[in-house]
Amino acid sequence: MMPFSRSRNSRPGPAGLYYEWVTVARANPAVAAWRWRYELGLASALAVALAGLGLLAGLATIANVAGLLGVLAAIFPALRRYLAARFWCIVTQHRVRAGCVHAWIHSRYGKLPVILLTTRQPFGERVYLWCRAGTTASDFAAARELLATACWADDVRVWRGERHAQLVCLDVIRHPREPGPDDSLPVDALAA
């Protein structure tokens, strides 16, 4: 992947005005379920676990389970770090979608780019996106500040796939640091 930048108001005249008029399309139920899959899975697992224990009746039981999970996370720091990193990967997906809505990064039909994968990195998270026709890496580069604000991050770096222009990588920088000798540019793993 290679870094990409473009000026903020980069959409040509009438096309830029068109993007301001088009609203983002509502997700159909299957897409909405896919976007909220982690939350739905957690709620389902919790309901099945409580029903299996015969304890579905009380709010106090839910508080006890939450307290037990808190104690386990306090005892095992590796578990706590893993859960925190996973939490930020899930939150970042939702925040990138919100940033795309507010930055008008969508197709002419109002479809948002597809988030393929979110991974944790030492600097924060790396988000791989599949751009639909009508969206490009330069749209993300022009909206870097807005995306960083939407993701509650310090910065967002944009990388475009070398072989496939529709693949875009966003590095959501939460922990800025000086690059070391073993750091390299993001690898276009999805294009290989």
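The values are calculated or read from the model by the stated rules, or taken from the named source; none is laboratory data. Keep in mind the model is a prediction, meaning the values are calculated, not measured. Counting neighbours? That spans all protein chains shown, and the Cβs are built from the backbone with ideal geometry, glycine included.
Just give me the residues in the stretch 75-119 being β-branched (Val, Ile, Thr), within 23 Å of GLY41 (Cα to Cα) and in contact with a helix residue (DSSP H, G or I) (Cβ under 8 Å, 6 or more places away or on another chain), in sequence order.
Within the stretch 75-119, ILE90, VAL96, ILE115, THR118, THR119 qualify.
What pairs come up if the first residue lies in the stretch 75-86 and is within 20 Å of GLN121 (Cβ to Cβ), the second is in a helix (DSSP H, G or I), and their beta carbons are under 6 Å apart, counting only those six or more places apart or on different chains?
The qualifying pairs are LEU79/ALA73; ARG80/ALA73.
For residues in the stretch 115-125 being surrounded by 15 or more Cβ atoms within 10 Å (Cβ to Cβ) and over 17 Å from TYR82 (Cβ atoms), which is farthest from the chain's Cα centre (by Cα)?
PHE123
Of the residues that make up the stretch 165-185, is at least one surrounded by fewer than 22 Cβ atoms within 10 Å (Cβ to Cβ), closer than 21 Å to VAL31 by Cα and modelled with pLDDT of 90 or more? Quick ask: steps written out before the conclusion?
Narrowing the stretch 165-185 to residues surrounded by fewer than 22 Cβ atoms within 10 Å (Cβ to Cβ): 165-167, 171, 173-185.
With the extra rule that they be closer than 21 Å to VAL31 by Cα, the set shrinks to 166-167.
If we keep only those that are modelled with pLDDT of 90 or more as well, we get 167.
The answer is yes, given that some residue of the stretch 165-185 is surrounded by fewer than 22 Cβ atoms within 10 Å (Cβ to Cβ), closer than 21 Å to VAL31 by Cα and modelled with pLDDT of 90 or more.
Only one of (1) more than 22 Å from ALA150 (Cα to Cα); (2) at pLDDT below 85; (3) not charged (D, E, K, R) is not met by ILE75, so which one is it?
ILE75 satisfies every listed condition except (2).
When you go through VAL158, VAL96 one by one, which is the residue that is farther than 21 Å from THR23 by Cα and crowded, with 19+ Cβ neighbours inside 10 Å?
Every option except VAL158 fails the conditions.
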